[in-house]
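The values are calculated or read from the model by the stated rules, or taken from the named source; none is laboratory data. The structure displayed is predicted, hence computed values, not measured ones. Heads up, the Cβs are rebuilt from the backbone with ideal geometry, glycines too, and the neighbour counts pull from every protein chain shown.
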Ligand code: GDG
């Protein structure tokens with residue numbers, strides 16, 4: 001069995017066991033089985049980059065991490081990754097910053113990753129690189145002589161060609177993807193946009209899964225990520241999950257809970273969601289006091305200005321809506337800027353009659369899948385889901401909405417509150433079936449199978465050696 005080498009911006013957090021996210025859990029089991037290594041940034045800074053690798057063994061998963069200089073972190077992580085590529089790939093060219101120093105820092109750090117990882121990779125290893133932070137890494141590893149099977153998975157959307165061409169040196173960046181053997185996207189939609197770029201901007205050709213530019217052919221596939229279904233169901237059996245569910249219910253006093261759980265990020269459509277809820281309260285006075293909207297939004301990327309701004313905007317929107325509609329014994333929005341352990345999160349989802357998941361653009365969105373998983377099969381809640389989340393393609397039985405339209409959000413909330421039990425059950429059954437089948441292990445196995453060395457083709461029958469028959 002070949003070893004799997006995973007390279008991503010960050011690696012699993014040491015000592016956090018089951019508290020890891022689904023991705024870390026899924027990759028960890030594959031790394032353990034193949035005795036592979038997970039390579040990434042430690043999250044720490046150093047005065048001068050030395051290339052020194054810190055090795056650790058965390059519950060059987062080997063990790064190799066490097067520290068980066070402050071300037072690297074500014075230009076690569078906070079800069080090109082999160083101020084250029086993240087907004088652009090989420091269709092926000094208005095927020096994308098094109099700064100030459102960011103691009104320089106991005107390439108420098110990718111070279112540093114290549115220097116770090118290449119000596120750790122043996123000739124039969126399979127290499128799997130993750131996400132927009134490390135797009136050119138595969139090519140840099142090839143420049144260092146690596147001939148291994150190499151794959152890349154993009155966790156976020158791939159933007160339409162018309163937007164992507166606003167990125168200086170876009171072609172140079174996309175060309176680096178042709179160093180991989182397999183490139184994976186979350187959905188057919190993002191894959192289609194990639195193929196469009198390949199044909200229109202690079203003069204490439206498409207045949208089945210194969211994309212060819214010049215003498216390089218790669219496989220480009222849609223391979224949607226799922227949640228760690230078994231782990232999340234098990235989290236729901238913990239005492240603290242039940243306790244949290246009971247606490248929530250008690251604090252609601254028979255009111256209907258609407259829940260949102262998102263990193264504080266402009267792509268998640270939080271402002272629009274708040275506006276949709278405000279519209280619902282305006283349009284449906286008879287539902288006042290009968291609903292409470294809880295938005296859990298742990299802060300993220302606080303070194304980036306746009307992320308600080310969104311926090312301030314949501315603070316003021318919450319104040320305005322609560323100011324207008326609250327009563328002495330009812331607050332319509334509870335907005336919480338902290339994270340919760342996974343089992344407690346399960347309890348919150350379970351207590352909620354509506355899961356409100358309304359990103360403006362999202363590669364997949366795992367919260368939608370977690371909400372559905374935590375529901376009571378006998379009395380499930382309703383998922384309201386943005387049609388612009390990758391998850392909408394796998395979960396068409398959710399109430400799909402346009403998150404930019406506060407009317408649609410408001411109408412969907414009303415419809416969900418009035419939905420008969422039979423309809424809730426049949427929609428839930430279809431969704432849980434998909435989520436259970438296409439879970440994170442399914443995703444990982446599919447991608448790794450594509451990455452396996454191609455089998456030597458069996459020879460056509462006429463070329464097979466004839467058996468000599470004795471005369
Ligand atoms: C990127 C892509 C794609 C959130 N709050 C808490 C908490 N979370 C967990 C959720 C969920 C995860 O974070 C968020 O996953 P998403 O998929 O919603 O979003 P991104 O972070 O933007 O992830 C996305 C994903 O990569 C995977 O490919 O789906 O499209 O943008 O698991 O539960 N977890 C805990 N406490 C919290 O308060 N424990």
What pairs come up if the first residue lies in the stretch 242-257 and is outside the structural domain of residue 293 (by TED's automatic domain parsing) and surrounded by 15 or more Cβ atoms within 10 Å (Cβ to Cβ), the second is part of a loop (DSSP other than H, G, I, E, B) and modelled with pLDDT of 95 or more, and their beta carbons are under 8 Å apart, counting only those six or more places apart or on different chains?
none
Residues 367, 382, 372: which one is under 16 Å from residue 432 (Cβ atoms), in contact with a strand residue (DSSP E or B) (Cβ under 6 Å, 6 or more places away or on another chain) and within 12 Å of the ligand (Cβ to nearest atom)?
367
Can you name every residue in the stretch 289-307 that is surrounded by fewer than 14 Cβ atoms within 10 Å (Cβ to Cβ) and outside any loop (DSSP other than H, G, I, E, B)?
305
Any pair with Cβ under 9 angstrom, 6 or more apart, that starts in the stretch 286-304 at a residue that is over 23 Å from residue 349 (Cβ atoms) and ends at one that is within 16 Å of the ligand (Cβ to nearest atom) and in a loop (DSSP other than H, G, I, E, B):
301/263; 301/264; 301/265; 302/264
Which condition number in (1) in contact (Cβ under 8 Å) with a residue 12 or more places away in the chain; (2) in a helix (DSSP H, G or I); (3) touching a strand residue (DSSP E or B) at 6+ places or on another chain (Cβ under 7 Å) is the one that residue 322 fails?
(1)
Out of contact with any strand residue (DSSP E or B) (no Cβ under 9 Å at 6 or more places or on another chain) and free of Cβ contacts under 8 Å to residues at least 40 places away in the same chain, is that true of residue 162?
yes
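Considering every residue within the stretch 388-396, establish whether at least one is out of contact with any helix residue (DSSP H, G or I) (no Cβ under 9 Å at 6 or more places or on another chain), more than 17 Å from residue 256 (Cβ to Cβ) and either outside any helix (DSSP H, G or I) or modelled with pLDDT under 95 (or both).
Within the stretch 388-396 (the criterion being out of contact with any helix residue (DSSP H, G or I) (no Cβ under 9 Å at 6 or more places or on another chain), more than 17 Å from residue 256 (Cβ to Cβ) and either outside any helix (DSSP H, G or I) or modelled with pLDDT under 95 (or both)), the answer is yes, since at least one residue qualifies.
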Across (1) more than 18 Å from the chain's Cα centre (by Cα); (2) modelled with pLDDT of 95 or more, residue 361 clears everything bar (1)
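Restricting to the stretch 329-343, count the residues that are near the ligand (Cβ under 8 Å from one of its atoms) and either surrounded by 20 or more Cβ atoms within 10 Å (Cβ to Cβ) or assigned to a strand (DSSP E or B) (or both). Working first, answer last.
First, the residues of the stretch 329-343 that are near the ligand (Cβ under 8 Å from one of its atoms): 338-342.
With either surrounded by 20 or more Cβ atoms within 10 Å (Cβ to Cβ) or assigned to a strand (DSSP E or B) (or both) added as a condition, the list becomes 342.
So the count comes out to 1.
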